[in-house]
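Okay, so here's the structure we're looking at.
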Amino acid sequence: MNIEQLTGQSETRLQELFPGHFLHEQVIEPYRMLVELAAKAGLDLRLASGFRSFDQQLAIWNAKASGARPVLDDHGKTLVMDDLSDIDKVRSILRWSALPGASRHHWGTDIDVWDAGAVNEDYQLQLVSEEYAPDGVFQGLNQWLREVTASGGSSFYRPYEIDRGGIAPEPWHLSYRSVAEGFEGALDQLQLRKVLENTDILFKQTILDNLDEIYHGYVRIGH
Ligand SMILES: [Zn+2]
């Protein structure tokens, strides 16, 4: 496993699930099994996002950092960024968006899922906490995911199930544990620093000056 694979700059070992959507080759079959299992529970489980490249994550980051795309608060409302210090702006973006190079979606092992059976055909998926809340449209999916991951009924788990204060809870985010584990421990802070130093990323100096906090608070969560 090299730095390119760890940071979403390589398509080695990825396989196309359907046009434009890639997963790690070892995750294709488990994903299909998860869809089947969900169908038995009456859910139409769909993929919102699988593999995401470094450049895609960088585009998201820079759009949020420049104000071209809204940064959301914990309730899915647009956050006013103007009065925040640079490090607080960075923390606000990190609450919902991974640092390019440090997204679990770079590995092809992690997926965001929703339930097409719970909404109309023209539903605009947002992936916000309200949708997965007890009175939200995907509460059934959320409940099922809680049960199936807790019972060991699936090889996927939810790394962002609880709020550790850094990354907001993401009930829609699943990780294929056995392959993801290999990636998880492999990216060290120095490698990440080198990648970021060579990247045209907004708030670069603030990120580099605070990389230790960011790495432990938002990258190596739970370690
Ligand atoms: Zn995700």
Original post:
Simple spin-label model, 7 Å along Cα-to-Cβ: Ala116 to Glu4 in nm?
Top reply: 3.4 nm
Original post:
For the chain, how big is the tail of P(r) above 23 Å, as a whole percent of Cα pairs?
Top reply: 47 percent
Original post:
In nanometres, what is the gap between the two model label sites at Asn210 and Met81, each 7 Å from Cα along Cα-to-Cβ?
Top reply: 1.3 nm
Original post:
Between region 51-93 and region 6-27, what is the C-alpha centre distance in whole Å?
Top reply: 25 Å
Original post:
What percent does the relative contact order of the chain come to when contacts are Cα pairs within less than 8 Å and at least six residues apart?
Top reply: 24 percent
Original post:
Of Gly101, Pro169, Val80, which is farthest on the positive side of the dipole of the chain, counting Cα position, with +1 on Lys and Arg Cβ, -1 on Asp and Glu Cβ, and the Cα centre as origin?
Top reply: Gly101
Subject >> Solution diffusion estimate, µm²/s, Stokes-Einstein, region 1-76, Kirkwood Rh from C-alpha pairs, 37 °C, viscosity 0.692 mPa s >> reply: 222 µm²/s
Subject >> Debye log10 I(q)/I(0) for region 122-170, one point scatterer per Cα, at q = 0.18, 0.31 Å⁻¹ >> reply: -0.64, -1.17
**OP:** Assign unit charges at the C-beta atoms only (+1 for Lys and Arg, -1 for Asp and Glu), then state the dipole size of the chain relative to its Cα centre in Debye, rounded to the nearest 20.
**Re:** 300 debye
**OP:** Ratio to report: Rg/Rh of region 101-203, with Cα atoms as the point set and Rh obtained by the Kirkwood method; give two decimals.
**Re:** 1.03
Subject >> Simple label model, 7 Å out from Cα along Cβ direction - Ala186 to Ala41, nm >> reply: 3.0 nm
Subject >> Counting all C-alpha pairs of region 51-104, share separated by more than 18 Å (%) >> reply: 27 percent
Original post:
Dividing the Cα radius of gyration by the Kirkwood radius, what Rg/Rh value follows for region 94-158?
Top reply: 1.00
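Read-outs throughout are calculated quantities, based only on the coordinates presented, and are distinct from any laboratory measurement. Please read these numbers as outputs of a predicted model, since none were measured by experiment. Note that we place each Cβ from the backbone using ideal geometry, even for glycine, and neighbour counts take in every protein chain shown.
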